[in-house]
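Novice: Quick one: the structure is below, and I'll ask about it shortly.
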Amino acid sequence: MDVAHHMLLYGCTMPGQTEEVYNCNEMSSANQPGLKNGSPCAKGSQIIYAWARDAPKLNLPNGVAFKVGGNSQVQYLVLQVHYADVSTFVEDGKTDDSGVSLIYTEEPQPKAAGVYFLGTNGFIPPKSTEFMESACRITENVVLHPFAFRVHTHSLGRVVSGYRVRRGLNGKDKWNLIGKKNPMRPQMFYPVENEMTIEKDDILASRCTMVSDRTRITRIGATNEDEMCNFYLMYWMHGTEPLKSKYCFTMGPPFYRWGRGGLPLNHIPEKEASSI
C-alpha cells in the first residue's frame, strides 16, 4: 500500500473511455497530461471487487461467480487505482504494475454474485466525533445471501458497521449485524458476522464512526486530505443476474441521520454500531 492505496474493479456496460488508460473524472486534481478524462463507467456501473491496505486475495464460495461478457450487463472491466504515492514511477521514471488477478470459467455457475455499496456525502467538523450513516430499502423481490463485507475510510475512520434492519408489525426495527471492522486494518472482504438472508422490504444500513483532531472541516472526497465512508456487501443469489439496484447513498452529516430523513429508523444500536 506504499504506492497503491486502494483499487476498485468496476463492471461496465460501456467504459468511460475506450483507451486502455485514462484519467478518472473524480481525480481531476491529479490528472496526467496527455490522457483523456472519463468516469470508470459511462453506462451500467457496478463494483465487482475492491482492495486496500495490503488485503489478501478473495475466494468466492463454490458455485458463486460474477457473470461477465456474453449477454450480461458487464461488457468491460475497468480498474480504478487510487495512489498513495506516485513519486517512485513519476520522478524516477519507473512504471507501476499494481493490479488485480482474476480467475474465470466459461462454465455457467448456479449462483450469481453481486456487491451492494453503501456510502455517504457530508462533512466532519473540526475536533469532533461524527457518525456518517446510510440506509436504503431493498425494493426488488429477491432473496440475498450475504457472505462477505468490506469497509473503507481514509485516516479518520475508527469503526465501520453494517446491518440488516427488519421492521416488525409493531413498527419496531430489529437490527442484525452483517459485520463491522476497524478500517485501519487490512481492508479485505471479511466473512459476515451472522448468517442471514436479505429480502424485499429489508433495510441495509451502515455507519462510519469518524474521529477528527483536525482544525478544519473534512469533507467527503477522493484525496487523502478528504474522507470516504464505504461499506461493501458481497452476496449471492440463485440465478444468473444480481440485484438491479447496486448503490445506496445519503447526504451524510449534518443533513442525514439514521433517526431522521427519508427513512427514519428506530431502536438504533448506538453503542454497538460504533465500538469493536
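Novice: Over the stretch 192-276, what is the relative contact order in whole percent, taking alpha-carbon pairs under 8 Å and six or more residues apart?
Specialist: Reported as a whole number, the value is 21 percent.
Novice: If I stretch the segment between residue 96 and residue 200 completely, what's the gain in nm (0.36 nm per residue apart, minus their alpha carbon distance), one decimal?
Specialist: Additional length available on full extension: 33.1 nm.
Novice: So what is the relative contact order for the chain, in percent, with contacts set as C-alpha pairs under 8 Å and at least six apart? Can you show the working numbers first?
Specialist: Values: 660 pairs, mean separation 66.8, N = 276.
Relative contact order here is 24 percent.
Novice: Moving on to the next point. Which FRET efficiency value, to the nearest 0.05, is calculated for residue 106 and residue 170 with the Förster distance at 45 angstrom and r the Cβ-Cβ distance?
Specialist: Efficiency for this residue pair is about 0.35.
Novice: Cβ under 13 Å from residue 210's Cβ, residue 210 left aside: what net charge do those residues give with Lys, Arg +1 and Asp, Glu -1? Each step should come with its number before you reach the end.
Specialist: Values: positive: 127, 158, 207, 214, 219; negative: 130, 133, 213, 226, 227.
Neighbourhood net charge equals 0.
Novice: Could you give the alpha-carbon Rg of the stretch 133-198 over 2.2 N^0.38 Å, rounded to two decimals?
Specialist: It is 1.25.
Novice: With r defined as the distance between the Cβ atoms of residue 21 and residue 219 and R0 fixed at 45 Å, what FRET efficiency is calculated, to the nearest 0.05?
Specialist: With a Förster radius of 45 Å, E is 0.95.
Novice: With an 8 Å cut-off on Cα pairs and a minimum separation of 6 or more residues, tell me the relative contact order of the stretch 82-179 in percent.
Specialist: 13
Novice: In terms of Cα to Cα distance under 30 Å, which lysines are near enough to residue 127, apart from those fewer than 8 places away along the same chain?
Specialist: 180, 181, 271
Novice: While we're here: Show me the three semi-axes of the equivalent ellipsoid for the stretch 180-240, from the C-alpha gyration tensor (sqrt of 5 times each eigenvalue), largest first, rounded to whole Å.
Specialist: 30, 13, 12
Novice: Can you list, largest first and rounded to whole Å, the semi-axes you get for the chain by taking the square root of 5 times each eigenvalue of its Cα gyration tensor?
Specialist: Values: eigenvalues 172, 133, 52 Å².
Taking √(5λ) for each eigenvalue gives 29, 26, 16 Å, largest first.
Novice: Can you give the Rg and Dmax of the stretch 102-156 based on its C-alpha atoms, in angstrom?
Specialist: Rg, Dmax (Cα atoms, Å): 17.3, 54.
Novice: If the cut-off is a Cα-Cα distance under 17 Å, which lysines reach residue 244, setting aside same-chain residues fewer than 8 apart in sequence?
Specialist: Answer for residue 244, where 17 Å is the Cα cut-off: 43, 67, 111, 200, listed by chain and number.
Novice: Ok, one more. Note the full-extension length gain between residue 276 and residue 140 as 0.36 nm times their separation in residues minus their Cα-Cα distance, in nm to one decimal.
Specialist: Length difference between fully extended and current span is 45.8 nm.
The numbers here are math on the coordinates, done by the rules we state, and not lab data. As the structure is a computational prediction, the values presented were derived from the model and not from experiment. Methodologically, a virtual Cβ is constructed for each residue, glycine included, from the backbone with ideal geometry; neighbour enumeration extends over all protein chains shown.
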